[in-house]
Amino acid sequence: MRFEFYYRFSERYTYLTIFIIILIVAVSTVIAIIRRTIIPPLPLPADYMLAVLDGGVSSAILLATGYIVYTYVKFLESIIDNAPRLLDDMVSAMKSGANFLEALRTIARLSNRYGVLGHILKDAYARIKVAGMSPSHALEAALREFPHPQLNRIIHILMEAYYAGPQALNVLEVATNYYTRVRVVRERYKTLVRTYIPIFMLSYAMFVLLSYLMVKVFLPGFVQLRIGGLEIMPTVNIKLISYSFYWLGFILAIGIGLMYGKIVWLKASAGFLYAGLMLLLNTVIYALFILGPFVLPLPGAAPPVPPLTAGTP
């Protein structure tokens, strides 16, 4: 089952992604030191190709990992969202005269209606019919395979209903009402917090615009500025300022994605996908327009000084 792969990967290897990105930046920094393309006090490579390579590789890793974690989180959401329907169908089956096992068989037959939760219970019912396991042992086996708190609660509700005997219907009805309210509250919460997306994007757009104005408009103007016939530029390190903006954008892009994942999905690693998209956008913008050769038609805009994209010899 795909959920099993996503579960094991997300729970064990997600933060390894951040370590790999840090390792990539560290290796490129060592290469930059060897090539003497690093400018103190900026502890990151002031080299055009290394910067673009860091951003491109890091965004690719974040996108790949982010897709897996995002899909895993969506699977978990489907468990919560489908729980009321599943429990309600079990209640309906038992009100029609079915016992617990017959109601579980109905759920297994209609497993596609309930997403991941339906497939997990379908496997549990298969253990009952094929392996001869008792319903409680089959549910415990399903829980051992995917020991997630959300699944844990639902499985224990079903086990409680099984042990309740004649009172199983009451247990399931109470659980149905509870998960229905949970789903309504979650939908309202998600609707509210999604307003953070425009705020995050606006803050990032303002930072990119500031970077462009500094690197392509103000700094080239400083190059031509003379005071008393003397050039002022020996006191301004263009490359240090330019690459400081790049690496600030690098960190900001990842931070925005992780923050969004934590706020919306309550799991920072769920923001890897957004972080990858933001970092890819950041790399393209800086590589082409801020550190690169393209100039937007703004008053006073000029190409960057030659060493900016050529590295330090």
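Normalised by the residues of the chain, what does the relative contact order come to in percent, with Cα pairs under 8 Å and at least six apart?
Worked out over the chain, it gives 24 percent.
Would you mind computing, in nm to one decimal, how far apart the modelled labels at residue 67 and residue 31 are, each placed 7 Å from Cα along Cα→Cβ?
Using points 7 Å along Cα→Cβ, the separation is 2.4 nm.
Along the stretch 104-116, what does the Karplus equation 6.51 cos²θ - 1.76 cosθ + 1.60 (θ = phi - 60°) give for ³J(HN,Hα), rounded to whole Hz, x for Gly and Pro?
5, 5, 4, 5, 5, 5, 9, 4, 5, 6, 10, x, 4
Over the Cα atoms of the stretch 82-182, how large are the radius of gyration and the largest Cα-Cα distance (Dmax), in Å?
Spelled out, the Cα radius of gyration and Dmax of the stretch 82-182 are 12.2, 36 Å.
What order, most packed first, do the peptides 145-158, 275-288 have when packing is the mean number of other Cβ atoms within 10 Å of each residue?
275-288, 145-158
Please report 81, 47 as a ranked list, fewest other C-beta atoms within 10 angstrom at the top and most at the bottom.
Lowest count first: 81, 47.
Once amide H atoms are built 1.01 Å from N in the peptide plane, which residues 5 or more positions from residue 38, or in another chain, come under 5 Å H to H?
Amide H neighbours of residue 38, under 5 Å, 5+ apart: 46.
Given a cut-off of 18 Å, name the pairs among 122/267; 122/190; 95/122; 74/190 whose C-alpha atoms lie farther apart than that in the structure shown.
Checking Cα-Cα distances, 122/267; 122/190; 95/122 exceed 18 Å.
Along the stretch 33-49, what does the Karplus equation 6.51 cos²θ - 1.76 cosθ + 1.60 (θ = phi - 60°) give for ³J(HN,Hα), rounded to whole Hz, x for Gly and Pro?
5, 4, 7, 6, 10, 10, 10, x, x, 7, x, 9, x, 8, 10, 4, 5
Add -39500 (n - 2.57) for each DSSP H run of 4 or more in the chain, then divide by its residues: what number comes out at 222 nm, to the nearest 500 deg cm²/dmol?
That calculation yields -25000 deg cm²/dmol at 222 nm.
Ordered by residue, what ³J(HN,Hα) values in Hz, to whole numbers, does the stretch 117-122 give under the Karplus form 6.51 cos²θ - 1.76 cosθ + 1.60, where θ = phi - 60° and Gly and Pro are x?
So the J values, rounded to whole Hz, are 4, x, 5, 5, 6, 5.
How big is the equivalent ellipsoid of the chain along its three axes, where each semi-axis is √(5λ) from the Cα gyration tensor, reported in whole Å from largest to smallest?
Listed largest to smallest, the semi-axes of the chain are 58, 20, 12 Å.
Can you compute the charge dipole magnitude of the chain about its Cα centre, using +1 on each Lys and Arg Cβ and -1 on each Asp and Glu Cβ, nothing else charged? Give it in debye, rounded to the nearest 20.
Roughly 220 debye, rounded to the nearest 20.
Since every read-out is calculated from the coordinates, none of them should be taken as a lab result. Note that the structure is predicted; figures quoted are calculated from it, not measured. In this analysis, Cβ positions are derived from the backbone assuming ideal geometry, glycine residues included, and neighbour counts consider all displayed protein chains.
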